[in-house]
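The values are calculated or read from the model by the stated rules, or taken from the named source; none is laboratory data. Small disclaimer: the values here were computed from a predicted structure and weren't measured. For neighbour counting, all protein chains shown are included, and Cβ atoms are generated from backbone atoms with ideal geometry for every residue, glycine included. These accessible areas exclude ligands, DNA and RNA; they are computed on the full protein's heavy atoms, side chains included. Shrake-Rupley method; radii C 1.70, N 1.55, O 1.52, S 1.80 Å.
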Amino acid sequence: PGIPRDALVDHISSLVRADYRLNESHTLMARGDIRWSAQEATRIAPLAVPNNGGEGDNIGGGGMLTLTSQLGSFINEVRAYQSNDRRDADPYITIPDGRVVTRDTISGGITTLQFGGNPSLPQITRTLLREISDEVSWISPDGAHRVKLGGLFNQERSTVGIIPNRFGTFTFNTLEDFESSTPAQFTRTLSAGERKSISQNFALYLGDAWRKSARLQLTYGLRLETSRYPDAPVYNATVDQLFGLRTDRFPTEVSVSPRIGFTWMPGLVEN
């Protein structure tokens, strides 16, 4: 009782922003957002009883502060942002999953009937993101060029608690075997836990937005990016000896990429 006949999803989101002019040269912007969603009667297969599904909710929010300063031909923008998300999904009943393999009398194919608990539930996901960036722009006296130099750093922490088939699954080859409580097999995940990860990303970029004419604008530059993953496991001498790999060092990535683009408005009449 209480399980909806239809799969229902509710969403709520809110955004608040405030801009404060500190003085003639500095402006502070503060922004906050929150979001929430809930799902009912989810993960129910067409040939499953309603209590084989579950319900879930997702709540998250974030906040941003931006300080913009203009000193002559230079504009500096410092930005800090943090967001936090939490996702939970729970089964309607926490018992083993049951499946009955039977033949479809209409199509002649093999179908699977499901009952009991859901093998993919419960699920827990936590995500925390922090980011800070700074960008300095220089505007040429004629306004044709805007040269940008900037950098950013962000770190994301995540915890994923998804243990498939946590309570086990009974499989019956026929309806007769199900009625006589004679399963063909029973499977269950015995050893599994939460997976935690941390990633850190750095970027440094230099570019120019050149307004060649009223109809044509060119954007070009260069971007340097690197990623690393801290909290590596302990050193394993056996793996190092057999395969030449260090288990206490996660690989990192470093890349340099050019950027180029243009904006062209052919219908615009130049003065």
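So, R0 is 41 Å and r is the distance between the beta-carbons of THR112 and ILE12; what FRET efficiency does that work out to, to 0.05? Efficiency computed from Cβ-Cβ geometry: 0.65.
Over the Cα atoms of region 163-266, the radius of gyration divided by the Kirkwood radius equals 1.36; this is the Rg/Rh ratio. Kirkwood analysis of the Cα pair distances in region 27-168 returns a hydrodynamic radius of 19.6 Å. The modelled label-to-label distance between ASN58 and VAL147, using points 7 Å beyond Cα along the C-beta direction, is 4.4 nm.
With r as the distance between the Cβ atoms of ALA192 and ARG103 and R0 = 35 Å, compute the FRET efficiency 1/(1 + (r/R0)^6) and round to 0.05. Walk me through the numbers before you get to the answer.
Values: r = 34 Å, r/R0 = 0.97.
Result of the calculation: an efficiency of 0.55.
Ellipsoid fit via the Cα gyration tensor, region 220-271: semi-axes of 50, 10, 7 Å, each the root of five times an eigenvalue, largest first. Using a probe of 1.4 Å, the accessible surface attributed to THR252 totals some 90 Å² when neighbouring protein chains are kept in position. Using just its DSSP H runs of length 4 or more, each adding -39500 (n - 2.57), the chain gives a mean residue ellipticity at 222 nm of -1000 deg cm²/dmol after division by all residues.
Share of antiparallel DSSP beta bridges in region 75-196, in percent to the nearest 5? Don't skip to the end; give the middle numbers.
On the way: 44 of 48 bridges.
Taking every DSSP beta bridge with both residues in region 75-196, the antiparallel ones total about 90 percent.
How many percent of the accessible area of the chain is carbon or sulfur, using a 1.4 Å probe? For the chain, the apolar C and S fraction of the accessible surface comes to 56 percent.
Using Cβ point charges alone (K and R +1, D and E -1), the dipole size of the chain about the Cα centre works out to roughly 660 debye. Accessible area per residue for region 1-100, computed on protein heavy atoms with a 1.4 Å probe, is 65 Å². Each residue, ALA237 and ASN165, gets one label point 7 Å from its Cα in the Cβ direction; the gap between the two is 3.8 nm. Once the Cα-Cα distance is subtracted from the 0.36 nm per residue extended length, the TRP264 to ASN154 segment shows a gain of 36.2 nm.
With the alpha-carbon atoms of region 1-103 aligned to their principal axes, the span from lowest to highest coordinate is 78, 23, 22 Å, starting with the largest. Under Stokes-Einstein, with the Kirkwood radius over Cα pairs as Rh, the value for the chain at 20 °C and 1.002 mPa s is 87 µm²/s.
Each of ALA192, SER158, LEU175 was placed along the dipole of the chain (beta-carbon charges, centred on the mean Cα), and the one lying farthest toward the positive end is SER158.
For GLU194, GLU156, GLU24, write out the residues from largest to smallest accessible area, computed with a 1.4 angstrom probe and no ligands counted.
Working: GLU194 110, GLU156 75, GLU24 150 Å².
Ranked list, largest accessible area first: GLU24, GLU194, GLU156.
Dividing the Cα radius of gyration by the Kirkwood radius, what Rg/Rh value follows for region 17-61? Don't jump to the answer; show the numbers that get you there.
On the way: Rg = 21.7 Å, Rh = 14.4 Å.
That ratio equals 1.51.
Simple rule: put +1 on each Lys or Arg Cβ and -1 on each Asp or Glu Cβ in region 214-271, find the dipole, and look at ILE260, LEU222, PHE243; the Cα lying farthest toward the positive end is ILE260.
Residue by residue, region 184-190 carries 3J(HN,Hα) couplings of 7, 7, 9, 10, 7, 8, 9 Hz when phi is fed to the Karplus relation 6.51 cos²θ - 1.76 cosθ + 1.60 (θ = phi - 60°); x denotes Gly or Pro. Farthest towards the positive end of the charge dipole of region 78-211, among the residues PRO141, ILE124, PRO96, is the Cα of PRO141, using unit charges on the Cβ of Lys, Arg, Asp and Glu. Distance from the Cα centre of region 9-80 to that of region 147-200, in angstrom? Taking the Cα centre of region 147-200 as reference, the centre of region 9-80 is 27 Å away. In this view, the solvent-accessible surface of TRP36, computed with a 1.4 Å probe and all protein chains in place, comes to about 90 Å². If you wrap the Cα atoms of region 86-221 in a convex hull and average its projected area over all directions, you get 16.3 nm².
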